[in-house]
Each structure stands twice: as C-alpha cells, then as structure tokens.
Amino acid sequence: MIAMIIGQLRRRRGRAMALAAGILVAATSFTLLTSTVHTSQAATVGTVRANARSSYDVLVRPPHSQTDVERESGLVASNFLSGTFGGITMEQYRHVQGMAGVEVAAPVANIGYLMVHNTVSVDVSRFLDSKASRQMLRLVPTLSAGLNTYRAADQYVYLTRSPITSGKDDLFESDTLEKAAIDKSTRRYVMNGKYNVCFYFNGDKSAQTNFNMELPLKENMIAEDLSDRSAFDPDLHSRLTCRSGRGKAVVDIPVAYPVLLSAVDPRAEDQLVGLRRTVTSGRMLTSQDRPKVVPPSKNPNGQRETFVPVVLSSRPLTSGRISAIVERLDTGDPAKLPSRLGNPTANTFVKNLRGATVGRVGADLSTGFRKAVPTFGVDSTNYWTVGPVTYRCRCRSRPRGTNRAPRRRG
C-alpha cells in the first residue's frame, strides 16, 4: 500500500505539489484571519473602555425627586429629567461649583413642555369622485408614536368646482366664500351674495342661530368662548378644509409636538456634553443672550411680548406616523351644500353625515415639525408640566433558592 502511494506521488508530482501549496495557503490565511479578529476585538474593547464614562460624575437633584425604582435598584432612571421640575437654589449651585474637585457644574432647570402646533399635509385626490360638482371626505386619523397608537380628531375636506373667493363685510374678512343658490332659512348668513363655507365649522361650533337680543349670529371678529371646553376635546381639533378645483384635494391634519423647555448655562453645558457640536444651523447660545421685551408701542399686535433665545432640536421628540381611514360622505343634493355649510349648524350637519370607506392614507409625523419651527417659532404662552414616571413590575417571582450568591467556606 505504501509503495503504491509513493508511486502515485512520483507519477503525479505536479498534482501533489499543487495540493500541498493549497493546504499551505489555507493554513496561512486562517492564521492571519485569526490574528486580525483578535486585533479588532482588542481595539473595540479598548475604545469602549476609553469612552465608557458618563457625561457627569455627580448628580445633584432637589429633595424627594428620587423615584421608588431608583431607590430599589440604586440607579438613576434614564428619563429622570422628564418629570422633575424646579431644582436647587442658586446659592446651593454656587456652593457645589466651588467645591474641591468640581471641574464643571452645569445646572438644568426644567420649565415645562411647550406644544409646537402645525399640520401634516395628506393628499386625498385619488379618493374624489371625478363627476361630482361638490363633495366631501372624512378622514379618521390615528397617530402612532412610541409603543402606542392614539385616536385623533376627525378631519374633513370640501371640494367644489365653483370658485372659492375672498371678501369683506364691515370688519369681517373671509377667504372661503362660495356663490350658490340662496336658501330661505339661511339667507341671513349670506355675505355679499355668497356663503362662508368654512367659517362656522372651524370658527364657531356653538350651533347658535341667534345671539343676544334675537340678532342673527353672523361671522365676527370675536373668537368663540372655549373656556368651558377641555383642551383634549377632539371636537376642538376637528377641521374642515375647503378647496376649489377639479380632482385635487389636500387635507391639513393638525398635530401638536411636545417640546421640553429647559434653562441651562450654555457655557457649562458645552463643557459638559459638547452642546456646541450639535448646532446644525444658526449659532450656539452665549451668556450674552438674554430675554428681549418688546413694549406694546413697538409691537404690531399692540401687546407686551417677551422673546427668549433658544436652541431647538431639528427633530421632534415624538417620532411616528399618522394614518387615516378615508370616507366619502353622502351629502345629499350638492347644490344645497354651500347653504348647509355656511350657517351655525354646519358642525352638527357635517358630523352626522354617513360615509363609505374608500381607502387609507398615511404620512410621517416629523414633516409637520420641520415646517413649523422655521415658520412660526415656538409659542410659550402656555406650557404643560407632567408628574414623575411610575413603573409596574409584571415579572414573575423567582423560585426560592435560585440566583443566590455562592457562599465562601472559611
């Protein structure tokens, strides 16, 4: 047998040398690959260890701000700032700043959550009836943010082939006037021979046909009194979009983005976390930036206003999507639609219309935030505060005798 193998190797010397060379190359490659993996692993571990330090070493918070979970675990919750308002005094802050070994003392004081309001535009043109002279659609939206979904207020679109124009009557001005057949019961609400097809649904949801001393309730400059309505009432955020054209309709769905307003020391914050490196447009705040008060005499609104410089994130805290079911509404006689929309009973009329589902639309929530900030800024007239985050443990209790630390025998 050995003699036969030796004979084969002699007769096929080239084949044997090629096989030996292949084995050598494979072994060498495997050795180099193994050494590269060990080198990469060592470099990765070294990088992680060099950058594993947190942004701060000591956290100083107001009394009674520690949660039960933090006491039990001995850790600081990742969202500890979201429900903490107020803080230590300036005297206490200066005391911490002057302690030995303190390199940077960066104060943070949460003010509250501002609501940045804007709309997300959704195209519903493909759901329109191309033969209808006047028609309406209803959108039933749902917001998806984080792990949950939220039902939003219904939105409506009214499309007519007749022109929608602007007009003025005494002191009131409107840009949603449509000329149509005048109905005897709603004649009193006609402005210059036209019905205001969007005003009553959007601007007056009271459904009152008379106002003070039996005078007819018409469009006016005085806003509706909403003091007895809850801010979470979906009817307040239900809007009617009026468009004129053929086969083209876009609905603007109102969306509010919560933004946490916090007061910081710009210089200290930059030293601590490198805040300057996050600025993508504009400039970094400095200690010279202070609130600016505009007196009523220099304000076009005739009011005293205060402007505060801020650094605002370019992305919203709430990321998610908005999806909506689209319904085509049965409005009855299209010729009567302007008179039914142009009087104080418009809200009741529209919401009682029956609809047939024709499709679904969706959009990214962040699009509305990116449009709102450069255009309108942030209105801080009102702000919200929230309570601390609470947790409920749904884990199973461990069997007795498990996960115990080993004892050491002496």
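The values are calculated or read from the model by the stated rules, or taken from the named source; none is laboratory data. Just so we're clear, the structure is a prediction, and the values are computed from it rather than from any experiment. Cβ coordinates were reconstructed from backbone atoms using ideal geometry, including for glycine residues, and neighbour counts include every protein chain displayed. Only protein heavy atoms, including side chains, enter the accessible area calculation; ligands, DNA and RNA are left aside. Shrake-Rupley method; radii C 1.70, N 1.55, O 1.52, S 1.80 Å.
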Practice prompt. Grab the alpha carbons of the stretch 132-180, take their convex hull, and tell me the volume per residue in Å³.
Written response: 119
Fill in: Geometric extent, Cα atoms of the stretch 306-370 - Rg, Dmax (angstrom)
19.2, 54
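Between Ser73 and Asp175, what length comes free when the chain is fully extended (0.36 nm per residue of separation minus the Cα-Cα distance, one decimal in nm)?
Answer, rounded to one decimal: 30.7 nm.
Quick one: with all protein chains in place, what share of the accessible area of the stretch 224-323 is carbon or sulfur, to the nearest percent (1.4 Å probe)?
Carbon and sulfur together cover 51 percent of it.
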Worksheet entry | Average accessible area per residue (Å²) across the stretch 84-123 - probe 1.4 Å, nucleic acids and ligands excluded | 60
Worksheet item: What does the accessible area per residue of the stretch 251-311 come to in Å², with a 1.4 Å probe and no ligands, DNA or RNA counted?
Response: 72
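Tell me whether the stretch 277-341 comes out rounded, prolate or oblate; compute the Cα gyration tensor, take square roots of the eigenvalues as a ≥ b ≥ c, and use a/c under 1.5 as the rounded threshold. Can you show the working numbers first?
Values: a/c = 5.93, a/b = 1.74, b/c = 3.41.
The shape class here is oblate.
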Practice prompt. May I ask you to rank Arg267, Arg138, Arg151 by accessible area, largest first, using a 1.4 Å probe over the protein chains only?
Written response: Arg267, Arg151, Arg138
Item to complete: Take every Cα pair under 8 Å in the stretch 55-214 that's 6+ residues apart, average their separations, divide by the length, and report that relative contact order as a whole percent.
Response: 10
Worksheet item: Taking a probe of 1.4 angstrom, what is the accessible area of Arg328 in Å², to the nearest 10?
Response: 90
Fill in: Separation of the Ser82 and Thr385 label points, Cα + 7 Å toward Cβ, nm
1.9
Worksheet item: Once the Cβ-Cβ distance between Ala263 and Ser133 is put in as r, and R0 is 45 Å, what FRET efficiency do you end up with, to the nearest 0.05?
Response: 0.20
Fill in: Global geometry of the stretch 245-321, whether rounded, prolate or oblate, following the gyration tensor of its Cα atoms and the 1.5 cut on a/c
oblate
Worksheet item: Once the whole set of protein chains is in place, how much accessible area is left on Lys194, using a 1.4 Å probe, in Å² to the nearest 10?
Response: 50
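Suppose R0 equals 60 Å. What FRET efficiency, 1/(1 + (r/R0)^6) with r the Cβ-Cβ distance, do Asn301 and Val102 give to the nearest 0.05?
It comes out at approximately 0.85.
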Worksheet item: Using a Förster distance of 51 Å, how high is the FRET efficiency between Met115 and Ile182, based on the Cβ-Cβ distance and rounded to 0.05?
Response: 0.80
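On a full-extension model of 0.36 nm per residue, what is the gain between Ser281 and Val293, subtracting their alpha-carbon distance, rounded to one decimal in nm?
1.9 nm is the gain from fully extending Ser281 to Val293.
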Practice prompt. Only loop residues by DSSP count here, and only those with at most 12 other Cβ atoms within 10 Å; note down the GluC sites (Glu not before Pro) in the stretch 70-113 that meet that.
Written response: Glu103
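Which pairs break 19 Å Cα to Cα here: Lys194/Lys351; Lys194/Lys336; Lys131/Lys248; Lys168/Lys351? Mind showing how you got there, number by number?
On the way: Lys194/Lys351 23 Å; Lys194/Lys336 13 Å; Lys131/Lys248 13 Å; Lys168/Lys351 28 Å.
With Cα atoms farther than 19 Å apart: Lys194/Lys351; Lys168/Lys351.
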Practice prompt. Please calculate the 1.4 Å probe accessible area of Thr357, with all protein chains present, and give it to the nearest 10 Å².
Written response: 100
Worksheet, complete the sentence: Quick tally, 1.4 Å probe accessible area for Ser125, Ser262, sorted with the most first, runs Ser262, Ser125
